[in-house]
């Protein structure tokens, strides 16, 4: 299967660098002793990573290292070095070409801190699950130490942490807008997204004698410049802040460009007079080629939330590699220059990457120590990259992109056979056959023109695009072939299922329910209410009920008791207290008692993070009068939203009761089936009295009461139980004429009209 959006050169079309004659390494070396065994006097590239080294295609440093090795380069790995000095960064000597720096498979701050900013004491990507083996803001720290170790050696930053910080971005942990990580890290270049293409090109050009300063316009890279690149035309971002329609690729035989789908309503209008056919030059430059967008400067967006939201919107419009323009943002007297994203890998290239000689186990240096992240994926298969969904809280859009890149069926089957035959501990169960989304394998846009030029942030929201192919037959064929392999007893699907796509092909739901669910299937409606769903860009509950109906039907036909396990997010931008209350009521009506719940985590550069920071809806054209987006901020308010999801936990009863009283919903306090929480017990009253006598202060508006509860007497919209002004935290910026609340764009049924069916507990 060939990609519609194609690169000029194949990933493995370069002549191999001369050390290829030394062959492949059993493991990429982590010490001088290993280098000596391989007959290496030096490394061409040294990768510094915040993860333990697992030689597996699910670990970024292994993929990058093996791809470079396939091109003939000698690659060493420095894993989780002591960052307090430069010494650990000198253990493999000076690299001939460059240091490649990554925080690892996770952003170092998200890896180290909870959504409540509490310190974690474990790390799934570290041997022994020990926390603290990588520094905060690891890309910055590692890059600076590499500079100290060998001055003058190029340093290239990459991985998800670098991708999510390539421009000025809101930083949840410091609660301020930080400049691009390129400035703080002092790296020479940044790779964003899946970086195989820019990585291979840069490495070969460096090996050929070019300097890194000469490489300015490589796709998928960001650099620091003093001025725009020559022969590039600039356009101000404020002229582009409007919904992007499909820009057609002109035919050389056509007088006027084809109309897009938005013009079909005018099909009955009077036809124009015939015009002579004019042959146009076939090489006419497309409107996005050699064009860059000038974004508001860092010094502007760090203080102006409206312009920050505008900048975020523009960045997310420029993510399609087929038509994306370069971006430039001033930081002081210099600029960040972000080239268009790299072209996606074709199926044959994906196969070649996954067919490289991975050992599929951790490096022997770790001995018998457990690496939880490896244990979780060692019997799983990644069948694709990218996601069409565009969920605003997810970092896939900013990192992998929304173009689906799929492996061939043969390649996937070979990997299953390799796991069966070589991986220790295999019992016949493939734990997951999926990717970012389980059922987007080989789905694509039916229109090559649309795929190459579309700027929509999602192909499936607010509804599934008419251009999208929803045929799940390739996925079904893969499942059937996988489970028929000798030695394979069960193939499970543990990746998230996009259920609004699944219901378009009931045969897929049937296949899933009959053969690939181990009793429970995880899906993620994320919420039940229109307000938060519209800011998440998630389908309404109508799709959930439809999927559940099909799933239950096919499970029953198979004689199996199987249950859906829904996941929800608390405190997401656009969520009011009333929204969380309605979700809690829905959970109780459907007899769900959630064991684990997720509070919204504002990851850098995500659209939802922009809404959290600015309280502006950046999914639409951004102006000073843009729709206000309520956001729960502060520990107390966020804790309340999380408590609503665990309404059944006695630890949360007191907090929920206080909230219900302030919201005018005391009718939900009691011991009946219609009540959410029980009334205060005599014992609780005694404990409260004791605390009062001991001098403990009660919550007031002066001592930590959430601002959304301080509404009495403040205006006609601030009555008890109102939700339009329910924004935790004080607004730091006044936008006159701002609209309140979210628009009902989902498929939800009002909670008062729902008749949910009970499902499994979790």
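The values are calculated or read from the model by the stated rules, or taken from the named source; none is laboratory data. Values in this document were obtained by computation on a predicted structure and should not be read as measured data. So basically every Cβ, Gly included, is an ideal-geometry build from the backbone, and we count neighbours across all protein chains shown.
Remarks
- Here 167, 218 are screened, and the one residue that is crowded, with 23+ Cβ neighbours inside 10 Å, assigned to a loop (DSSP other than H, G, I, E, B) and modelled with pLDDT of 95 or more is 167.
Matching residues to (1) under 25 Å from the mean Cα position of the chain (by Cα); (2) surrounded by 23 or more Cβ atoms within 10 Å (Cβ to Cβ); (3) without any contact (Cβ under 8 Å) to a residue 60 or more places away in the chain:
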| residue | (1), (2), (3) |
| --- | --- |
| 115 | yes, no, no |
| 118 | yes, no, yes |
| 129 | yes, no, no |
| 148 | no, no, no |
| 154 | no, no, yes |
| 185 | yes, yes, no |
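- Residue in the range 411-419 that is under 23 Å from residue 525 (Cα atoms) and over 17 Å from the mean Cα position of the chain (by Cα) present: no
- Residue match in the range 45-62 (condition: buried (at least 23 other Cβ atoms within 10 Å of the Cβ) and more than 23 Å from residue 123 (Cβ to Cβ)): yes
- None of 317, 262, 280 is at pLDDT below 95 and under 22 Å from the mean Cα position of the chain (by Cα) except 317.
- Where helices (runs of 4 or more DSSP H) fall wholly inside the range 365-422, the ranges with 2 or more residues that are within 23 Å of residue 346 (Cβ to Cβ) and in contact with a strand residue (DSSP E or B) (Cβ under 8 Å, 6 or more places away or on another chain) are 409-422.
- 2 or more residues within 20 Å of residue 491 (Cβ to Cβ), touching a helix residue (DSSP H, G or I) at 6+ places or on another chain (Cβ under 9 Å) and modelled with pLDDT of 95 or more: qualifying helices (runs of 4 or more DSSP H) within the range 504-573: 506-515, 541-557
- Residues of the range 352-381 that are within 22 Å of residue 10 (Cα to Cα) and either crowded, with 18+ Cβ neighbours inside 10 Å or without any contact (Cβ under 8 Å) to a residue 12 or more places away in the chain (or both): 352, 353, 354, 358.
- Screening residue 712 with (1) crowded, with 22+ Cβ neighbours inside 10 Å; (2) farther than 30 Å from residue 174 by Cβ; (3) at pLDDT below 75 gives one miss only, at (1).
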